[in-house]
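No value in this document is a laboratory result; all are computed from the given coordinates. In this text the structure is predicted, and so the values were computed from the model without any measurement. Positions of Cβ are generated from backbone atoms using ideal geometry, with glycine treated the same way; all protein chains shown enter the neighbour counts.
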Amino acid sequence: MIDFDLIWNSVPSLLQGVILSLQISFLAASLGLVFGTFLALAETTKVTPLNYAVIAYVTFFRGTPMLVQILFVYYVLPQFGLMIPPFWAASIAIGLNSAAYISQSIRSGINAVPKGQFEAAKTLGLSHWTTMRAIVLPQAFRVALPALGNEFITLIKDSSLASVIGVMELSKEASIIRSRTYDPFSILLAVSFIYLTLTGVVSLLMNKIEKGVKADVYS
Amino acid sequence: MNKKTIFIALGLAILLLFQHYYYQVKKDDQELIVGTNAEFPPFTFRSGQEIIGFDIDVAKEVAIRMGREISFKDMPFEALLPELILNHVDFLAAGMSATEERAKRVSFTKPYLAGDPLVLLTLADIPLNSLEGKSIVVNEGYTADLYMSTKSGFDLVRLNAPADAFLALKNGRVDAFVTSQSTVRAFLDTQEASAYHYIPLDGTSETCCLVLAKNNLALLEEIQQVLDEMEKDGTLQQLKNKWKL
């Protein structure tokens, strides 16, 4: 039932798909991390309208399926004159979705920093933003690190959703091979193995980073 | 609620799940179960809750002549082949076309439809010789995809169902959609037809075959015989006329 010749012959096109999958994941992760941090900062300020705006954003992006969000960016935005190429449409949609989740991880990190540190910083005459940048965020990131690792792994798997708008990432390459050969199992096996390798590498990296920052603090 | 009740409730819930599984895999030998992906008018699509279309009618007629009951299982395209190979369905009727590569893994009946040319559908009336640099959508795995994949010079986008492709064309996402003439006609029936232009591509044709598991030679032979009869006595032609093919 498993056709190893077919798997072997498919390696070049699958690898092309891997490159695209990684590009989408990387772009989405960068967007998610930067935007998510801003969202977390906005949610932890004392400016009420800003707080509500973030809550609305997070509710929307967490409460609708990513698949629908990608289709929305691809099919609906052109109606309003916004034509984003498929690759970018997918990366942006996945990135915006990820920002919602990342903002919550970082917010919980910010909340984990003892209140005394804010007060101490204030007594020293540091401004709100300096306190955040120099004292709170570095600690918040450390607390949020395991959650961020989870999010990056999820991102790699979610990049497969870009296939619905025709982006030739890994799972799309696989389904094209399936549609040519009518062999449903072999390529599925190969693709699972590739995704597992990708997510495995990311989780190893995240473990390394986690250990690194811990040693930094306690030694 | 005490612990005992919770355990009993959980046990019942699990049993219910298994019962669902049991009925899914249980197969009545008298009944032909046919897999299809009802997203391809006029071959196989849904009208309300009912699955209808040319392929569906062909499959139904085959079942009647074999003296068997028939039921359809509608599923995504990528689920059709595993279901066939795992023997959860007897055959597939989903406008599928035979190729050498595919015939290594499944069996095809002879085509019961041919001579339905591929056409290039556009909004801007692009002539065939100026496709350079244009972006063209096809449905993944269909004849148009296989045909256009052998050509180059344009950007080929592969989407899953005709509805997605039409939407991409309408939104200006792509410049043209290549698919079978009958698919275009079925679509234009629902649209302001004068806004669209279509040109047939010479020497192309969509073909439809029923697809069976590789080892199921007895059933293949039986079905092929019935299809041949239907061809001979004009039933197939009647069905083609009914669906304007």
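Per-structure values
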| item | result |
| --- | --- |
| Of residues in region A:160-219 being over 21 Å from A:L20 (Cα atoms) and outside any helix (DSSP H, G or I), the one farthest from the other protein chains (Cβ to nearest Cβ) | A:S219 |
| Residues (within 23 Å of A:T130 (Cα to Cα) and either of a type in the set (D, E, K, R) or loosely packed, with under 13 Cβ neighbours inside 10 Å (or both)) located in region A:46-67 | A:K46, A:V47, A:T48, A:P49 |
| Boolean, A:R142 is in a helix (DSSP H, G or I) and within 14 Å of chain B (Cβ to nearest Cβ) | no |
| Checking A:I153 against (1) over 30 Å from B:S107 (Cα atoms); (2) surrounded by 21 or more Cβ atoms within 10 Å (Cβ to Cβ), the condition it does not meet | (2) |
| Residues of region B:177-208 satisfying the condition of being touching a Leu at 6+ places or on another chain (Cβ under 6 Å) and either under 23 Å from A:I70 (Cβ atoms) or without any contact (Cβ under 8 Å) to a residue 40 or more places away in the chain (or both) | B:F177 |
| Elements of type strands (runs of 3 or more DSSP E) contained in region B:88-169, each with 3 or more residues being over 22 Å from B:V226 (Cβ atoms) and either at the interface with chain A (Cβ under 10 Å from one of its Cβ atoms) or touching a residue at least 40 places away in the same chain (Cβ under 8 Å) (or both) | B:118-122, B:135-139, B:155-159 |
| Test for A:S108: is it away from chain B (no Cβ under 14 Å) and buried (at least 21 other Cβ atoms within 10 Å of the Cβ) | no |
